[in-house]
Amino acid sequence: MDLGISGRRAAVAAASAGLGLASARALAEAGVDVAICGRHEDRLRAAEAALDGLPGRVTGLVADVSDPEGAAGFVAAAAEALGGVDILVPNAGGPPPGGFDDMDLDAYRAALELNLLSTIAMCRAAVPAMCEAGWGRVVAITSVSVRQPIEGLILSNTARAGVTGFLKTLALDVAPHGVTVNSVQPGLHATDRLLALHGGDDAVAARGIPVGRVGRPEDFGAVVAFLCSEHARFITGAAVPVDGGAYRGLQ
């Protein structure tokens, strides 16, 4: 299916691996020119090479989006490299696992910088130009823990719930300007973080997932790309779970 976004320009944060990389790939396959970032140049160059030859041009930028300054700096660098940013995919690694007894206030501050304030900073850097142009897409990668908190991930549960509230409000503010704002909530996908949390055992991770397996990163990337498409122009303010049916609630 032609997504209608060939020639658009996207900034995909924290995309040297995992779901960020899968999202960048799906956009580049749709003909979008993509700027990706990562903290480690060797991993970034490997990701850049893995995406070489797709219809969209991929540019790797060394950047750390774990704080607002680095996050805004990535968007500015992406806009310079691509000539502008039409599509923004805010993303960042997850904070350390642990429960209430394990975390002091400083841990919460760091988690909010990583998963809330960094997204706000990226949106502040990218969205005004989208509104001025009359077209834009923001599709943030969050977590299904926003709907159903995950035991042992109190920092992620807290910070990502906050960013979901921000994104919903932003969606209402910018909808009249042709800009849509959505989030995609991954469940368990076959990424390095999943393997670290579950000891490298996909079978353990897949327990409780109705489809009987963990997700493939490319399945997730396809959903991100669709929400960036012309076909999704009437979808905004949505938070879409991509979790193989693991979330059992009605809302």
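The values are calculated or read from the model by the stated rules, or taken from the named source; none is laboratory data. None of the values given here were measured: they were computed from a predicted structure. Glycine gets a Cβ as well: all are built from the backbone with ideal geometry, and neighbour counts include every protein chain shown.
Observations on the model:
- Residues that are surrounded by fewer than 22 Cβ atoms within 10 Å (Cβ to Cβ) and in contact (Cβ under 8 Å) with a residue 12 or more places away in the chain within region 156-169 comprise 157, 158, 161, 162, 164, 166, 168, listed in sequence order.
- For residue 24, the test of being within 14 Å of residue 228 (Cβ to Cβ), at pLDDT 95 or above, not polar (S, T, N, Q) and not in a loop (DSSP other than H, G, I, E, B) is passed.
- Just so you know, in region 27-52 the residues that are in a helix (DSSP H, G or I) and touching a Ser or Thr at 6+ places or on another chain (Cβ under 7 Å) include one that is surrounded by the most Cβ atoms within 10 Å (Cβ to Cβ), and it is 47.
- Region 107-138: number of residues that are touching a strand residue (DSSP E or B) at 6+ places or on another chain (Cβ under 8 Å) and either within 17 Å of residue 159 (Cα to Cα) or among the acidic types (Asp, Glu) (or both): 4
- Index of the failed condition, residue 151 passing every other in (1) in contact with a Gly (Cβ under 8 Å, 6 or more places away or on another chain); (2) among the acidic types (Asp, Glu); (3) in a helix (DSSP H, G or I): (3)
- Residue within region 146-155 that is surrounded by fewer than 19 Cβ atoms within 10 Å (Cβ to Cβ) and of a type in the set (S, T, N, Q) present: yes
- Region 214-251, residues that are in a helix (DSSP H, G or I) and either of a type in the set (A, V, I, L, M, F, W, C) or in contact with an Asp or Glu (Cβ under 7 Å, 6 or more places away or on another chain) (or both): 220, 222, 223, 224, 225, 226, 227, 232
- Scope region 4-16; condition surrounded by 21 or more Cβ atoms within 10 Å (Cβ to Cβ) and not basic (Lys, Arg); matching residues: 5, 10, 11, 12, 13, 14, 15, 16
- Hey, residue 19 crowded, with 17+ Cβ neighbours inside 10 Å and either assigned to a helix (DSSP H, G or I) or modelled with pLDDT under 95 (or both) or not: yes
- If you go through region 22-76 and keep only what is in contact (Cβ under 8 Å) with a residue 40 or more places away in the chain and charged (D, E, K, R), you end up with 25, 29, 33, 67, 69.
- Residue list for region 168-196, filter: part of a helix (DSSP H, G or I), out of contact with any Cys (no Cβ under 8 Å at 6 or more places or on another chain), at pLDDT 95 or above and not basic (Lys, Arg): 169, 171, 172, 173, 175, 176
- Enumeration of residues in region 140-155 that are at pLDDT below 95 and under 17 Å from the mean Cα position of the chain (by Cα): 143, 144, 145, 146, 147
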